[in-house]
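Structure, as structure tokens:
The values are calculated or read from the model by the stated rules, or taken from the named source; none is laboratory data. From a predicted model like this one, the values you see are computed outputs, not experimental measurements. No Cβ is skipped: glycine too gets one built from the backbone with ideal geometry, and neighbour counts run over all protein chains shown.
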Amino acid sequence: MQLQKYPQWLLLTGIFLILIFLPFLITSQHLMHILILAGLECIAVMGFIAQYNVRLITFCTATFWGLGAYASGFLSTKLGMNFWFCLPLAGVIAGCFALIIGLLVIRAGWVTFLMITVVMAEISVEAIGHMNLLGGWDGITRIPRPAIGSYLFLSKASYYYLTLALVMVCVLIFKGLYKSAIGKAWTAIGQSPDLAESVGIDLFKYRMIAYVAAGFTSGLSGSLYAHYVSYIAPQTFDIIRSLYISIDAVVGGLGFVISGPIVGSIILRAIPEWLRIADKYQPIFEGCFIILCALFFRKGVIGLLSRYVVRPDEKSWKGVSVGDPGD
Amino acid sequence: MDFKVFFQLLLNGLVLGSSYILVAAGFTLVYGSARVFNFAHGHFYMLGAFIYGGLVLLGLPWILSLIIAGLALALFGYLSWQVIFRPLYFDVFLTVATTVGLGLIMVQGVIVIAGERDIVVPSVFKGVLTLGDTAVSVEKISIVLISLAVMLALHLFLKSKIGKALEATTIDPEGASLQGINTGRMFVIAMALGSALAGIAGAVIVPYLSAQPNMGYPITTTYLCIVVVAGHGSLKGAVVTGLLFGLIKSFGYHFLGTWDYTLMLLLVAVIMYLRPWGIWGVEFRRKV
């Protein structure tokens, strides 16, 4: 196509400008709300894809998201800390948890890892529900909105810019990781762990980096989420949320590490709302979407579009081979 | 401890454990041969419970309802294999992702049709058996006995010629196909049989619990824990661990309240650390 001849920066600048001016174009507050939620979710989806690239399939992304949200909520309401300290601390706390859990579970095969993440997603909800310190099943209420000096981020538009900034930061983090030697190692592991190991790539180390990076960014996103909705409960971060995140990743396109999550989460958050079926039929919609995606366009929505418009930047690998369960 | 309380807890544990066994055996059968990491298996169990409950409430005899629930789930498993999982056979992650989607559709579909409320299914086995001074409800014994009978039937089936072929397919699909086994048919059989086991488990347990659309999520955690502890593809391990988990759930709930989940996780963590391939599983070359 013609567009392929233009340099990529032109496209990126265009997208950036559109994102900057979006609040002026959209008048609906509800749509802004959806966009903010999608923006926060896409960070977790990026973490999911980073883990998927090193062949760790996880279903507890929302757990780390919730961990960040709870850390931030606890620090700001119970200890009265400023949001700007809570945000990085939430990321660090979630990252530390990822480090500890990763030390225990990453060495097991991917099937066991997958099972353990599911169990963790269920247990964490139960455990937080029983902790009176963290508000139990009632959750934490009245988490303050962030502020700079006397300016409070109250309107949807202002919070949109805050979310956009965080998404940009996370995009830069992941972009940097993928461009560096770490990202090269990730790609090698994604194509064949055996081969990667045989040329001297430390699988455990690079898997650990992906796991901790995903935990850290999810924690940041969770912190922003907690301060946005100002009320968090354990059920918000249950396994269904994690399942939605994995579905976002597939719909956006698993080979597209940055653009896939953004497009996928926006599509899956926005379309049910737009069709006004969100409350009742959203799970059915998501389920149908994922099955159709898996059967008919496996490279996701971006894969479908990239044939025509965008220069493909995908990191392709042909799925996990059907090997022994311990592989 | 009072013997009466102990006995009741033991019986409750056996009842829960027998349903866990059926679900875990179905899961391990499906994953072992058809390589479908079925995330929706817990929801197959939920669907079985609803079908059985609906038929019993309509007035059908229980045995007929049980068989219909099993057959319906087998058909469902067969259809989902043919339509969704067979084209995705070589991509493990997309298979997992589609089972996730299937589970979401099933739960929400049941909520749309039946409403989000508990449906109490009356037990067909009423009455109480008195042994000395301890009273035992016939219903609980019937649940254990029916599950036992189903497991026995499964055991006999796996000893038959088709069962042996199924086992060969589980161990090595290519080798089995070189020996003249129609592996495609074996995958279908495994999928249908595993789904039917989940449906029967739900149908058996529903008079004891009540049918609710979200009942699949807790059992998902449980059967994954069981499979992690028992090892992949081990039916014997699934039986022993399933019973153990039922007892842990029952006794743990009595003594620790809702922390029983945590006890289960602790057990899983210890096993994971000592034997990552499970107690009865085949040891794999430890990578990483």
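A Cβ distance below 6 Å, combined with a sequence gap of six or more or placement on separate chains, defines the contacts here; from the stretch B:237-257, residues that are of a type in the set (D, E, K, R) reach residues that are buried (at least 21 other Cβ atoms within 10 Å of the Cβ) in the pairs B:K249/B:L16. Taking the stretch B:119-146 as the range and being assigned to a loop (DSSP other than H, G, I, E, B) and exposed (fewer than 12 other Cβ atoms within 10 Å of the Cβ) as the test, the residues that pass are B:P122, B:K126, B:G127, B:G132, B:D133. Only one entry of B:G109, B:G101 meets the criterion of being buried (at least 19 other Cβ atoms within 10 Å of the Cβ), within 23 Å of the chain's Cα centre (by Cα), without any contact (Cβ under 8 Å) to a residue 40 or more places away in the chain and within 14 Å of chain A (Cβ to nearest Cβ), and that entry is B:G101. Scanning the stretch B:208-250 for residues that are in a loop (DSSP other than H, G, I, E, B) and within 18 Å of B:W277 (Cβ to Cβ) yields a total of 4. If you filter the stretch A:239-282 down to residues that are within 12 Å of chain B (Cβ to nearest Cβ) and hydroxyl-bearing (S, T, Y), you find that the one that is nearest to A:W186 (Cα to Cα) is A:S246. Note on the stretch A:244-264: residues that are farther than 12 Å from A:E41 by Cα, surrounded by 24 or more Cβ atoms within 10 Å (Cβ to Cβ) and hydrophobic (A, V, I, L, M, F, W, C) total 5. Evaluated against (1) at pLDDT 90 or above; (2) closer than 26 Å to B:G32 by Cβ; (3) not charged (D, E, K, R), B:L145 falls short on exactly one condition, (2). Can you name the residue in the stretch B:112-138 that is within 14 Å of another protein chain (Cβ to nearest Cβ) and touching a Pro at 6+ places or on another chain (Cβ under 8 Å) and is also modelled with the highest pLDDT among such residues? Here the answer is B:A114.
A quick yes/no check of all residues on (1) touching a strand residue (DSSP E or B) at 6+ places or on another chain (Cβ under 8 Å); (2) within 19 Å of B:L22 (Cβ to Cβ):
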residue	(1), (2)
B:I113	no, no
B:S137	yes, no
B:S160	no, no
B:G163	no, yes
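Taking the conditions exactly as written (within 25 Å of A:I240 (Cα to Cα) and free of Cβ contacts under 8 Å to residues at least 60 places away in the same chain), does B:V227 satisfy them or not? It is false that B:V227 is within 25 Å of A:I240 (Cα to Cα) and free of Cβ contacts under 8 Å to residues at least 60 places away in the same chain.
Right, B:F37: touching a Lys or Arg at 6+ places or on another chain (Cβ under 9 Å), within 14 Å of chain A (Cβ to nearest Cβ) and either buried (at least 19 other Cβ atoms within 10 Å of the Cβ) or free of Cβ contacts under 8 Å to residues at least 40 places away in the same chain (or both) or not? Taking the combined requirement at face value, the residue does not satisfy it. Tallying residues that are in a helix (DSSP H, G or I) and at pLDDT below 90 within the stretch A:252-261 yields 3. Taken together, the residues in the stretch A:93-140 that are of a type in the set (V, I, T), more than 8 Å from chain B (Cβ to nearest Cβ) and under 17 Å from B:G257 (Cα atoms) amount to 2.
Of all residues in the stretch A:248-269, none that is in contact (Cβ under 8 Å) with a residue 40 or more places away in the chain and farther than 17 Å from A:T163 by Cα has its Cβ atom under 8 Å from the Cβ atom of a residue that is part of a loop (DSSP other than H, G, I, E, B) and β-branched (V, I, T), 6 or more apart or on another chain. Suppose we filter the stretch B:249-271 for residues that are under 18 Å from B:I21 (Cβ atoms) and away from chain A (no Cβ under 14 Å); how many remain? Adding up the residues that qualify gives 2.
All told, B:L263 falls short of being under 26 Å from B:F6 (Cβ atoms), assigned to a helix (DSSP H, G or I), at pLDDT 90 or above and not acidic (D, E).
For the stretch A:283-304, residues that are more than 7 Å from every other protein chain (Cβ to nearest Cβ), over 15 Å from A:S246 (Cα atoms) and buried (at least 19 other Cβ atoms within 10 Å of the Cβ) total 2.
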